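Enquirer: Before we start, here is the structure in question, set down as structure tokens.
The values are calculated or read from the model by the stated rules, or taken from the named source; none is laboratory data. Computed from a predicted structure; not experimentally measured. Here Cβ is always computed from backbone atoms with ideal geometry, including for glycine, and neighbour counts include all displayed protein chains. These accessible areas exclude ligands, DNA and RNA; they are computed on the full protein's heavy atoms, side chains included. Shrake-Rupley method; radii C 1.70, N 1.55, O 1.52, S 1.80 Å.
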Amino acid sequence: GGGEGNGAAAGEGEGEGVLLCSTALNTARFVGRYLRLVREVEPVAVEATRGLVGLVQLYVLTVFNVFWTGPPPGSAGFEEHDPGMPASLRQALLALHTSTHAGAAEQHEPLTDSAAELQADLARAAASVSLERLRAPLESQEMFALPQTIVAMESLQLLAELLRSHLLPAAEASAPAAAPRVRALVEQVGPITVQIYRGVARGMLDLEPIVAAIRSRSWAPREIGTQHSPYVDQLVQHVQQLAGSLSQLGVPVAAYRTLVGEAIGAICEHLVDGYAGVKKASDEGRAQMSLDVKTLQAALRKLLPEMAPSMAHVEDYLRALYLPPQELLAWARAHPQYSVRHRTALVALNGVSSGLKKREQQDLLDSLAKQDG
């Protein structure tokens, strides 16, 4: 966890090295020693395996909490932070918090006296973890501690594979009740890694000035423009700088693609946010938006030919700007990924363009609200 350990990120190609920080290496060694004990002293196999599973769960959760940019699971605000987090991952992290921080009475299964004692020990260990102390060395690092984050996430994924091949079979043999916890833990390491990379990629991009520029400019010209807007060049420059920084660090291919992909996803979401803030748009203005997005996509595909970035999130929203108001309800049902504010903005923009009366607009907004409820 934290900023402990050393590791050098490997570059693209067949010669990618193994990334493993010292904390993950020590955890792997500890698991190996524990599993030997389980095999050699059968009477304690069940309790030893259960205790080991709890410690590994605590390690994974702690790594997530250290590198996660939002409130930790179990604290106020976690369930609302970053709506883009998959619901399955959010629930898995909350369950992980309960498994490691709560007492025996709060577990989802009845525990024997010895298991309850183990659970109490685990909860005490979890309560002693200081996230502030573990995060402190990262706060002074450049690029949102990107090199340290990459080493930590790659280490976590390697550890997950070791748990899949060694701890899971041992749990299935010695403590079947603990096996589902190991399986669930291993399955969530991939989504955890993506979520952490998502936060880092978004933190490295300053997109608010671009959103402000979109909202403040006029989108009601009388003639169709032939040149893209200046903010398109700024966005391409953002991605170019990020890709260059990642290449200089020698980031592993999978991590590189995840980070760049999440950055482009953030750009798409911010573009929609900007367009949703526009008060008035003529048909020529809508055409300018489409030109900007097409130009941006072409530039990104030229910059990142191996990734073929998609702008579907923005394109779908722009297509909705051309819909008659009576079709917006059906569109909203089919596109739940857009926020209530973004869908409400469509009603306002399309309503003005189609001459919808204020009462009719309000009725449509009420129908949207009922649909969300």
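Enquirer: Out of (1) assigned to a loop (DSSP other than H, G, I, E, B); (2) open to solvent by less than 20 Å² (accessible area, probe 1.4 Å), the odd one out for Pro72 is which?
Expert: (2)
Enquirer: To continue, here is another question. Looking at segment 168-188 only, could you name the residues that are farther than 15 Å from Ser99 by Cβ and not charged (D, E, K, R)? Spell out how you get there, then give the answer.
Expert: Start the filter on segment 168-188 by keeping residues that are farther than 15 Å from Ser99 by Cβ, which leaves 168-170, 172-174, 176.
Hits for segment 168-188 are Leu168, Pro169, Ala170, Ala173, Ser174, Pro176.
Enquirer: Hey, which of the helices (runs of 4 or more DSSP H) in segment 278-353, taking only ones fully inside, have at least 3 residues that are touching a Gly at 6+ places or on another chain (Cβ under 8 Å) and closer than 25 Å to Arg222 by Cα?
Expert: Answer list for segment 278-353: 283-303.
Enquirer: Could you grab me the full set of residues in segment 348-360 that are under 17 Å from Lys279 (Cβ atoms) and at pLDDT below 85?
Expert: Of everything in segment 348-360, those that are under 17 Å from Lys279 (Cβ atoms) and at pLDDT below 85 turn out to be Asn350, Gly351, Val352, Ser353, Ser354, Gly355, Leu356, Lys358.
Enquirer: Additional query: Looking only at helices (runs of 4 or more DSSP H) that fall completely inside segment 115-197, which ones have 1 or more residues that are open to solvent by less than 50 Å² (accessible area, probe 1.4 Å) and in contact with a Cys (Cβ under 9 Å, 6 or more places away or on another chain)?
Expert: Where helices (runs of 4 or more DSSP H) fall fully within segment 115-197 and carry at least 1 residues being open to solvent by less than 50 Å² (accessible area, probe 1.4 Å) and in contact with a Cys (Cβ under 9 Å, 6 or more places away or on another chain), they are 146-162.
Okay, residues lined up against (1) open to solvent by 30 Å² or more (accessible area, probe 1.4 Å); (2) under 19 Å from Ala145 (Cβ atoms); (3) in contact with a strand residue (DSSP E or B) (Cβ under 8 Å, 6 or more places away or on another chain):
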site	(1), (2), (3)
Ser247	yes, yes, no
Gly250	no, yes, no
Leu259	no, yes, no
Leu271	no, no, no
Ser282	no, no, yes
Val293	no, no, no
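Enquirer: Which residues, taken from segment 306-321, are over 21 Å from Val211 (Cβ atoms) and either hydrophobic (A, V, I, L, M, F, W, C) or at pLDDT 95 or above (or both)?
Expert: Residues satisfying the conditions are Met307, Ala308.
Enquirer: Restricting the first residue to segment 197-219 and requiring it to be under 16 Å from Ser229 (Cα atoms), which pairs with a second residue that is of a type in the set (S, T, N, Q) and open to solvent by 30 Å² or more (accessible area, probe 1.4 Å) meet a Cβ separation below 9 Å and a spacing of at least six or different chains?
Expert: The qualifying pairs are Pro209/Gln234; Ile210/Gln234; Ala213/Gln234.
Enquirer: Is segment 27-50 home to any residue that is touching a helix residue (DSSP H, G or I) at 6+ places or on another chain (Cβ under 9 Å), closer than 20 Å to Arg135 by Cβ and surrounded by 18 or more Cβ atoms within 10 Å (Cβ to Cβ)?
Expert: Yes; the residues of segment 27-50 include at least one that is touching a helix residue (DSSP H, G or I) at 6+ places or on another chain (Cβ under 9 Å), closer than 20 Å to Arg135 by Cβ and surrounded by 18 or more Cβ atoms within 10 Å (Cβ to Cβ).
So that you can scan it fast, the table gives a plain yes or no per residue for (1) open to solvent by less than 40 Å² (accessible area, probe 1.4 Å); (2) modelled with pLDDT under 95; (3) among the charged types (D, E, K, R):
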position	(1), (2), (3)
Lys279	no, yes, yes
Ala298	no, no, no
Leu303	no, no, no
Leu328	yes, yes, no
Val340	no, yes, no
Thr344	no, yes, no
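Enquirer: Can you tell which of Ala184, Ala123 is over 22 Å from Gly261 (Cα atoms), touching a helix residue (DSSP H, G or I) at 6+ places or on another chain (Cβ under 7 Å) and free of Cβ contacts under 8 Å to residues at least 60 places away in the same chain?
Expert: Only one candidate passes the filter, namely Ala123.
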